[in-house]
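What follows is one structure encoded as structure tokens, with my remarks underneath.
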Amino acid sequence: MKLVELKKYAIDHRVDIKFGDPQTAHECLINNRGLVKIPGDDKDFRVEEALDAAEVFEIIGNGNTQNLTREAMARIIAEASERKKPGASAEEEE
């Protein structure tokens, strides 16, 4: 799972995605415009490192919050990518 995929998902689904490294408490937030924010005072870390260490993802949107494991988030991202591929909608209509 890559940062660009999470950003695209956040934009396409108009949600915020929060993730972080539980051991270091480095937390990141991707807002519904795809911008990465680092809340708190400690901003001296790479977002990609926090993403690589993240085991829990929080999707926030439409007044709901959904907590997902890394595997579940990767599956959702993969499914969203499959639906966006050219020709996917033509196959679904048949």
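The values are calculated or read from the model by the stated rules, or taken from the named source; none is laboratory data. Worth saying up front: this structure is predicted, and the values here are computed from it rather than measured. Methodologically, a virtual Cβ is constructed for each residue, glycine included, from the backbone with ideal geometry; neighbour enumeration extends over all protein chains shown. Protein only, heavy atoms only, side chains kept; ligands, DNA and RNA dropped before computing areas. Shrake-Rupley method; radii C 1.70, N 1.55, O 1.52, S 1.80 Å.
Brief remarks follow.
- Which listed pairs, of LYS7/LYS84; LYS7/LYS37; LYS2/LYS37; LYS2/LYS84, have C-alpha distances above 21 Å, in listed order: none
- As a length-normalised measure over Cα pairs under 8 Å and 6 or more apart, the relative contact order of the chain settles at 25 percent.
- For LEU68, neighbours were defined as the other residues whose beta-carbon sits under 13 Å from its Cβ, and their charges (Lys and Arg +1, Asp and Glu -1) total -1.
- Per residue accessible area of the chain, 1.4 Å probe, in Å²: 68
- Residue among LEU29, LEU68, LEU51 with the largest mean-square fluctuation in a Gaussian network model of the chain, springs linking Cα atoms under 10 Å: LEU68
- Neighbours of ALA80 by Cβ distance under 11 Å: Lys/Arg scored +1, Asp/Glu scored -1, total +1.
- Structure-derived percent of Cα pairs over 17 Å apart - corresponding label in [x] 78; [y] 72; [z] 50: [z]
- Test item: Cα-centred dipole of the chain, Lys/Arg +1 and Asp/Glu -1 on Cβ, debye: 320
- Summed residue charge, Cβ within 10 Å of LYS18's Cβ, Lys/Arg positive, Asp/Glu negative: -2
- The angle between the Cα long axis of helix 70-84 and the main principal axis of the chain comes to about 40°, on a 0 to 90 degree scale.
- Apolar share of the accessible surface for the chain: 46 percent from carbon plus sulfur atoms, 1.4 Å probe.
- Computed over the chain with a Gaussian network model linking Cα atoms closer than 10 Å, the most mobile of PHE57, PHE45, PHE19 is PHE45.
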